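The values are calculated or read from the model by the stated rules, or taken from the named source; none is laboratory data. In this text the structure is predicted, and so the values were computed from the model without any measurement. Virtual Cβ from ideal backbone geometry, glycine too; neighbours counted across all protein chains shown. Side chains are part of the model used for accessible areas, which takes the heavy atoms of the whole protein and leaves out ligands, DNA and RNA. Shrake-Rupley method; radii C 1.70, N 1.55, O 1.52, S 1.80 Å.
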Amino acid sequence: MDNISCLFCEEPETVHHLFFGCCVPTSMWCHLSEIFGRSLCADFESVARWWISNKKNDILNTCCAALMWCIWKTSNDICFQAKMWKSEDILLKLLRTSKNWPALCKIADLKELDRVMEDLTSRLHQPLRISW
């Protein structure tokens, strides 16, 4: 693979760029940051700092892991299967993944997961926000 340009924006791709630097994932991180009221979109450390919180942030951690998985899967779909993508694809994948991952959460946290999914669903109907 000679071309190492980002499949979303054509900038040089690095691991940091793919998950945090590109305008497409950045807009997804902004959604989660707003939903949880925490800054999550800077780098891996801004996400990982919540992983060590003794399960106090299970839904946040599940959603962050799901978002990284969805960014990776979408990028691979574009690269290896020549799939076209639309702005809402990652958000839709995030919703589907979150619906399939409730077993990772405590029963007491499922209401919060439902709230997050409702908020993400409402964001699907809003205009796309591009940010750098």
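Observations, loosely collected:
- Scanning the stretch 17-38 for residues that are outside any helix (DSSP H, G or I) and either touching a helix residue (DSSP H, G or I) at 6+ places or on another chain (Cβ under 8 Å) or within 18 Å of Met117 (Cβ to Cβ) (or both) yields Gly37, Arg38.
- Enumeration of residues in the stretch 14-37 that are more than 17 Å from Ala66 (Cα to Cα), without any contact (Cβ under 8 Å) to a residue 24 or more places away in the chain and not hydroxyl-bearing (Ser, Thr, Tyr): His17, Gly21, Cys22, Gly37
- Note on the stretch 1-16: among residues that are part of a loop (DSSP other than H, G, I, E, B) and of a type outside the set (A, V, I, L, M, F, W, C), the one that is farthest from the chain's Cα centre (by Cα) is Asp2.
- Enumeration of residues in the stretch 17-31 that are more than 9 Å from the chain's Cα centre (by Cα) and of a type in the set (Phe, Trp, Tyr): Phe20
- Residue check: Ser5 meets all listed conditions (1) out of contact with any strand residue (DSSP E or B) (no Cβ under 7 Å at 6 or more places or on another chain); (2) open to solvent by less than 40 Å² (accessible area, probe 1.4 Å) but one, namely (1).
- Within the stretch 50-77, if we keep just the residues that are hydroxyl-bearing (Ser, Thr, Tyr) and farther than 16 Å from Ser33 by Cβ, the residue that is farthest from the chain's Cα centre (by Cα) turns out to be Ser53.
- Among the residues of the stretch 111-119, none qualifies, meaning not one is of a type outside the set (Val, Ile, Thr) and within 12 Å of the chain's Cα centre (by Cα).
- Subset of the stretch 16-45 (residues that are polar (S, T, N, Q), at pLDDT below 90 and surrounded by 17 or more Cβ atoms within 10 Å (Cβ to Cβ)): Ser27
- Total residues in the stretch 78-95, condition modelled with pLDDT of 85 or more, at negative phi and over 12 Å from the mean Cα position of the chain (by Cα): 6
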